[in-house]
1. Anything over 31 Å Cα to Cα? Flag those among Lys72/Lys109; Lys108/Lys418; Lys109/Lys290; Lys12/Lys394; Lys151/Lys445; Lys127/Lys278, in the order listed.
2. Taking N as the number of residues in the stretch 13-133, what value does Rg over Cα atoms divided by 2.2 N^0.38 Å take?
3. With a cap of 14 neighbouring Cβ atoms within 10 Å, and only residues DSSP puts in a loop, list the GluC sites (Glu not before Pro) found in the stretch 62-141.
4. Please work out the Cα convex hull volume for the stretch 123-191 and give it in Å³ per residue.
5. Setting aside same-chain residues fewer than 8 positions from Lys319, which aspartates and glutamates have a Cα under 13 Å from its Cα?
6. Determine the distance separating the Cα centre of the stretch 191-227 from the Cα centre of the stretch 279-296; give it in Å without decimals.
7. Highest mean first, how do 119-125, 192-198 rank when packing is the count of other Cβ atoms within 10 Å averaged over residues?
8. Of the peptides 369-378, 171-180, how do they stack up when ordered by the mean number of other Cβ atoms within 10 Å, highest first?
Amino acid sequence: MEHLKSYQEANKERYLEELMDLLRIPSVSADSNYDADVLKTADFIKNKLIEAGAENVEVCETAGFPIVYADKIIDPNLPTVCVYGHYDVQPADPVELWDSGPFDPIIKKTAIHPEGAIFARGACDDKGQMYMHVKAFENMVKNDALPCNVKFMIEGEEEVGSPSLGPFIREHADKFACDVVLVSDTGMIANDVPSICTGLRGLSYVEVEVVGPNRDLHSGIYGGAVANPANVLAKMIASLHDENGHITVDGFYDAVENVSDEERAAMNKAPFSLEEYKEHLDIDAVDGEKGYTTLERGSIRPTLDVNGIWSGYIGEGAKTVLPSKANAKISMRLVPNQDSETVTELFKTHFQKIAPPSVKVTVTPHHGGEPVVTPTTGIAYKAADKAYEKTFGKRAIPQRSGGSIPIVAMFEEVLGVKTILMGFGLNSDAIHSPNEHYGLFNYYKGIETIPYFYQYFTELSAK
Ligand code: BES
Ligand code: MN
Ligand code: MN
């Protein structure tokens, strides 16, 4: 594997330029103005996979954006690693808060990334991390060092809930037959504290509307006598947590699997500074469910958050109006054994129940997803563990993440295989936020570490 290092070193600049080219295409899946760019990105990936040495490279049509498939089967008796990633990105809004164009990648040094980081939408989530796999694959192929079979499944709808990938995998389960799914779309603790993500939260997402009078009213003539939907919605939302930060939705915790004291103790040994955390976010205090640490609140406990809220007059100056309706988007992060459809139903029932008779309430569900925990005992974890040890010089810490990648639960359900989450991003990389970036250290370290995973996974599979 030493010659991979020299090949990577010799091609470093090109690896970065290619990623910059990829980041210049604004593949925003949520906004139809970018449809052509999303399609262009699929073609870009396809061409790069061909150049890297993949076979059977296809841009597979779906009802939505296509899935890029590729493989290289060197021996059917060897194990197969299926790489999953996404080439779509979140919208760049609010664009005015970016220090440079979201689709004009530039490299800047930061305190956390002294060797430089690449700033662009999708740099970390997930183009930079997904592209590491294309380059790691190139490294292996060009150096005759591919130890097993590889498949690629790169989708363009992750940021909108993967509506097409689920049905596509169900229909073409044979195409994706493999021994493990390998994903880099999560984070690690710090550049000198490698960690392996061992869990993702699920998601239940609803939109609510509270309707009062049939039109906006004069707040002097009617105020105090007619229910104000904005007031009502605020009160209803406030009631969704009690004074201990518990969620009050009836039945919400019924299925929640409590994590053992032992596992909690291990989890809290991970390096974490509450002071640095607060400083990074410019907050004076943290907040959350009583009885749990910040690390626990952000990973093993379910949550309920308003993602957006609007009602009434929000233009310049003052307008005395009693709005006719008020709306909010609410997400709930779920943990093992909660089920997203069940939780959505519980929310619906609860929210209707707490509505006063003076308003009408509708709850509309959006896409959801199921939580996952990945085992730390199987050969995939062992192989990843050895790979990190090899390239970082220290063992990786297993850590559950608070984010969601809903499709991962389906890999197990439909393909019957486990997923290994080897993420190289940092929480401070500002994914989904203005000035998203990805460390050059992380990009190159990922490319270096991935081939070792292939090697160790193949070796351990043979035993
Ligand atoms: N890559 C993220 C998920 C993630 C980020 C997991 C960091 C762990 C650590 C993914 O692209 C994402 O943003 N997922 C969405 C859900 C999706 C249905 C839009 C999320 O978690 O909000
Ligand atoms: Mn992602
Ligand atoms: Mn994302």
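1. Going by Cα-Cα distance, Lys72/Lys109; Lys108/Lys418; Lys109/Lys290 fall outside the 31 Å limit.
2. Normalised Cα radius of gyration, the stretch 13-133: 1.16.
3. Values: sites: Glu96, Glu115, Glu138; in loops: Glu115.
Sparse-neighbourhood loop GluC sites (Glu not before Pro): Glu115.
4. 128
5. Answer for Lys319, where 13 Å is the Cα cut-off: Asp216, listed by chain and number.
6. Computed from Cα coordinates, the inter-centre distance equals 21 Å.
7. On the way: 119-125: 28.4, 192-198: 20.1.
Those peptides, ordered most packed to least, come out 119-125, 192-198.
8. Working: 369-378: 18.0, 171-180: 16.3.
The packing order, highest mean first, is 369-378, 171-180.
The values are calculated or read from the model by the stated rules, or taken from the named source; none is laboratory data. All values derive from a computational prediction rather than experimental measurement. In this analysis, Cβ positions are derived from the backbone assuming ideal geometry, glycine residues included, and neighbour counts consider all displayed protein chains. All accessible areas refer to the heavy atoms of the entire protein, side chains included, with ligands and DNA or RNA removed. Shrake-Rupley method; radii C 1.70, N 1.55, O 1.52, S 1.80 Å.
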